[in-house]
Amino acid sequence: MTPNKPETNVDDPARVAAFEARIAAGETIEPKDWMPERYRRQLVRMMSQHAHSEVVGMLPEGNWITRAPTLRRKMSLLAKVQDEAGHGLYIYCGTETLGVDRHELIQQLLNGTAKYSSIFNYPTLSWADIGAIGWLVDGAAIVNQTMLAKASYGPYARAMVRICKEENFHKRQGFEIMATLSAGTPAQKRMAQDALDRWWWPSLMMFGPHDTDSPNSDELLRWGVKRKSNDELRQRFINLTVAQAKAIDLTIPDPQLRFDEASQNWLIGPIDWDEFWRVVRGNGPCNQERLAARRQAHDDGEWVRIAAAAYAAKQARAESTSEAA
Ligand code: BYC
């Protein structure tokens with residue numbers, strides 16, 4: 001079913017007005033509903049980047065499965081990494097309701113023309129990084145995706161509900177790792193602090209550029225895909241996380257961090273946007289390594305795709321034979 005193929009989707013003003021009235025009334029847009037071509041494209045862009053992020057996001061943590069310090073930690077990490085694959089799957093399925101082929105999107109990731117979250121281009125140097133990712137990266141994802149669970153496009157919003165439940169488990173396991181290390185030996189505490197020092201600023205960059213430098217936000221907010229702006233969500237994450245860092249006796253690596261009584265917000269020093277754009281444009285510490293790993297995995301999985309297609313064809317033949325009989 002491809003209800004929203006571009007050629008059948010003429011954006012006449014009356015239809016756009018009716019569509020926007022539905023959004024303003026809080027209605028959910030479903031795959032068979034008419035939608036402006038620009039809305040469809042924005043969703044494909046954002047959802048495919050999100051799906052790619054989930055899949056590439058398996059790599060930094062997958063790197064530590066064989067080195068987890070205990071069996072319990074290994075089981076949790078394995079489950080978390082598997083969950084991320086599942087998230088990618090739900091969201092790729094969601095993009096297919098918009099009339100795009102998942103293979104096309106995956107091809108864009110493999111040939112380097114698609115974006116995915118900047119955060120996954122940083123290396124995981126110690127076990128504490130696994131704690132920091134769960135706590136900060138999944139924590140940031142929850143703040144962002146809880147809002148996306150109210151997005152105007154039904155399939156995306158529904159995928160977010162389940163994903164957020166799983167992300168909560170991920171965040172807790174990460175925070176518990178950090179709390180344990182912080183309360184451990186001086187060397188373990190240093191390891192936890194070092195991980196926070198390295199992951200704090202990249203986590204803040206996950207929310208995207210400042211609102212004034214975010215070309216997509218106005219449209220996405222108007223169409224109810226985003227419910228809060230990049231800066232609003234970043235601020236919410238900062239306010240939540242500062243208190244959590246204090247609770248486990250770790251220091252946020254920002255000498256300019258201060259509480260502003262008037263707004264009741266924790267205010268931060270400047271974000272290094274040059275670093276952000278360097279990473280987004282493909283020149284972060286691990287961009288090449290991440291894409292090489294995805295390409296390798298895709299090549300290694302070719303026999304599975306061939307076998308699955310052959311099995312599906314065999315099933316279809318068997319069904320048509322039994323129907324004919
Ligand atoms: N990294 O106009 P803007 C996870 C791009 S997975 C890279 O503000 P928008 C997890 C942006 O795409 C987490 N690129 O964009 C998985 C745009 O470029 P294009 C992933 C970024 O869409 C495994 C340009 O900059 N979450 O949680 O309005 C383990 C201008 O930005 C980034 C999602 O994908 C970035 N950080 O807002 C653990 C959530 N930020 O496309 C955890 C869904 C911006 O115009 N996505 N760019 O060439 C969103 O909520 C929004 O797309 C964003 C950006 C807030 C990320």
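What follows draws every value from the coordinates through simple rules; no lab data is involved. As the structure is a prediction and not an experimental result, all values here were calculated from the model. Note that each Cβ is placed from the backbone with ideal geometry, even for glycine, and that neighbours are counted across all protein chains shown.
A few notes on this one:
- Counting lysine pairs in the chain whose alpha carbons fall under 15 angstrom apart, excluding pairs fewer than 8 residues apart on the same chain, gives 7.
- Comparing mean-square fluctuations of S214, S76, S229 from a GNM of the chain with C-alpha springs under 10 Å, the top value falls on S214.
- Rounded tilt (10° steps) of 287-300 against the dominant C-alpha axis of the chain: 40 degrees
- Entry for the range 41-126 at q = 0.15 Å⁻¹: log10 I(q)/I(0) = -0.59, Debye formula applied to identical alpha-carbon scatterers, no solvent contribution.
- Applying 0.36 nm per residue to the separation of R222 and D299 and subtracting their alpha-carbon distance, the gain on full extension is 23.6 nm.
- The chain - Debye-derived log10 I(q)/I(0), Cα point model, q = 0.06, 0.14, 0.15 Å⁻¹: -0.24, -1.17, -1.31
- Across the chain, Cα pairs under 8 Å and at least six residues apart give a relative contact order of 17 percent.
- A helix-only calculation puts the chain at -20500 deg cm²/dmol for mean residue ellipticity at 222 nm, using -39500 (n - 2.57) for each DSSP H run of at least four residues, averaged over all residues.
- If R0 is 22 Å, the Cβ-Cβ spacing of A309 and Q82 corresponds to a FRET efficiency of close to 0.40.
- FRET efficiency, V161 to A324 (Cβ-Cβ, R0 51 Å, nearest 0.05): 0.75
- Between 0 and 90°, nearest 10: helix 186-205 axis offset from the chain longest Cα axis: 40 degrees
- The label point for L89 and the one for R102, both projected 7 Å from the Cα toward the Cβ, are 0.8 nm apart.
- Within the listed set I119, I306, I238, the residue fluctuating most in the Gaussian network model of the chain (springs between alpha-carbon atoms under 10 angstrom) is I306.
- The C-alpha atoms of the chain define a longest principal axis, and helix 37-56 lies at about 50 degrees to it.
- Both radii are taken from the alpha-carbon atoms of the range 130-234; with Rh as the Kirkwood radius, Rg/Rh is 1.08.
- Most mobile of G26, G269, G301 in a GNM of the chain (Cα contacts under 10 Å): G301
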